[in-house]
1. Quick one: if the Förster radius is 56 Å, what FRET efficiency do Leu250 and Asn18 give, using the C-beta to C-beta distance and rounding to 0.05?
2. List, largest first, the extents of the alpha carbons of the stretch 1-63 along their principal axes, each in whole Å.
3. Would you kindly state how much longer the chain becomes between Val330 and Lys11 on full extension, computed as 0.36 nm times their sequence separation minus their alpha carbon distance, in nm to one decimal?
4. How much area per residue is accessible in the chain when the probe is 1.4 Å and only protein heavy atoms are counted (Å²)?
5. If you find the alpha carbon centre of the stretch 112-137 and of the stretch 5-28, how far apart are they in angstrom?
6. I need the Debye-formula profile for the chain: one equal scatterer per C-alpha, no solvent, reported as log10 I(q)/I(0) at q = 0.06, 0.12, 0.16 1/Å, two decimals.
7. When the Karplus curve 6.51 cos²θ - 1.76 cosθ + 1.60 is applied with θ = phi - 60°, which whole-Hz ³J(HN,Hα) does each residue of the stretch 26-40 get, with x for Gly and Pro?
8. Give me the number: length gained by fully extending His106 to Tyr215, i.e. 0.36 nm times residue separation minus the C-alpha to C-alpha distance, one decimal in nm.
Amino acid sequence: MKKERIITEIKELKQRLNITIVSHFYQKDEVFELADFAGDSLQLAQLAVKDKNPNLIFCGVGFMGESVKILDPNKRVFMPKVASCSMAMMISGANYDENVQILNDHGIASEDILPITYINSSAEVKARVGKMGGMVCTSSNAKKIITKALKSGKKILFVPDRCLGQNIANEMGLKSAVIGIDENLKDADVLCYDGFCSVHQLFTTDDIEFYKAKYPDIKIITHPECDPAVCQKSDFVGSTSQIIKYVDSLPLEQKVAIGTEYNLVNRMREKNTFVLSSTKPQCPTMNETSLQDLYDTLKAIEKDECLSEIFVDEETVKWAKIALERMFEV
Ligand code: 13P
Ligand code: SF4
């Protein structure tokens, strides 16, 4: 089917079946443009609470659709591709337990640990964190959540993104350590799991030096999933929505080099905007969703034969929801 025809059919099916379509900023333009709402992880989770439509198609990665299902278990959540974020895949419930055990072995008792999981994690990990008295954060609110958690007087166990944990700790003047790598776990305030985003590892300090040498006045803008050495050399560090807001506030003549996923950077502005990399930093799983997948999902929903509906078991929902709701309270 021709692209224009698929787009027309998607719009018609979506209307007739009464489905809300949401998209993360990293989705392909053709998918992003068909969404009723696009946003960062926090905005999309908030939408899940507000939107009363019982049927939702989520164009993003697995943990995002799962988070909506956890927050509103009565909603039917479909994903054109149940593609998994590679960072979220780096930690299972068993890995989480092993890391708590390592901390215990280093003389840090479980009662003295307050866990925080980045929203880029499975429902299973969120449930573990909820059960242990902890909460979820996103890149938009990680500083606020860590500030709140520190008031408990406990050490923070931060999973799964060591870069986000270290970047916020650096910003707040806290000590951080990576479990399994660093020795001085007892001295650290923020104990990070050794996970990372493979896409954001592509931005390097060499890239920053290259752009600074070429355009001395350029502004370097990065996502906090980038390596701490990269964030420390940046003029602005923020979540995807914070990056968009910051770039919008700059005059068009201001050159910017942005260290986050290609699809977002590419659609941000026409002039004076560079991807902070010599590679094309596309998130492979975000890019899996195509117009054809969106169309096929709507057709399958119409026939009540959709195989990509998200389900989370009741016990996991119970604890993962507590962890997510604690974030909203903050
Ligand atoms: P944001 O919450 O900033 O959109 O980040 C999500 C993500 O997966 C970044 O890689
Ligand atoms: Fe996960 Fe990285 Fe892709 Fe974001 S860019 S969804 S953290 S793999």
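The values are calculated or read from the model by the stated rules, or taken from the named source; none is laboratory data. None of these values were measured; they are calculated from a predicted model. Every residue, glycine as well, gets a Cβ built from its backbone with ideal geometry; the counts of neighbours run over all protein chains shown. Heavy atoms of the whole protein, side chains included, go into the accessibility calculation; ligands, DNA and RNA do not. Shrake-Rupley method; radii C 1.70, N 1.55, O 1.52, S 1.80 Å.
1. 0.90
2. Per principal axis, max minus min of the Cα coordinates gives 34, 24, 17 Å.
3. Net length gain for the segment: 111.1 nm.
4. Result: 44 Å² of accessible area for each residue.
5. What the calculation gives is 32 Å, centre to centre.
6. -0.21, -0.84, -1.34
7. 7, 5, 4, 3, 5, 7, 3, 5, 8, 7, 6, 8, 10, x, 8
8. Values: separation 109, 0.36 × 109 = 39.24 nm, distance 4.77 nm.
Taking 0.36 nm per residue and subtracting the Cα distance, the gain is 34.5 nm.
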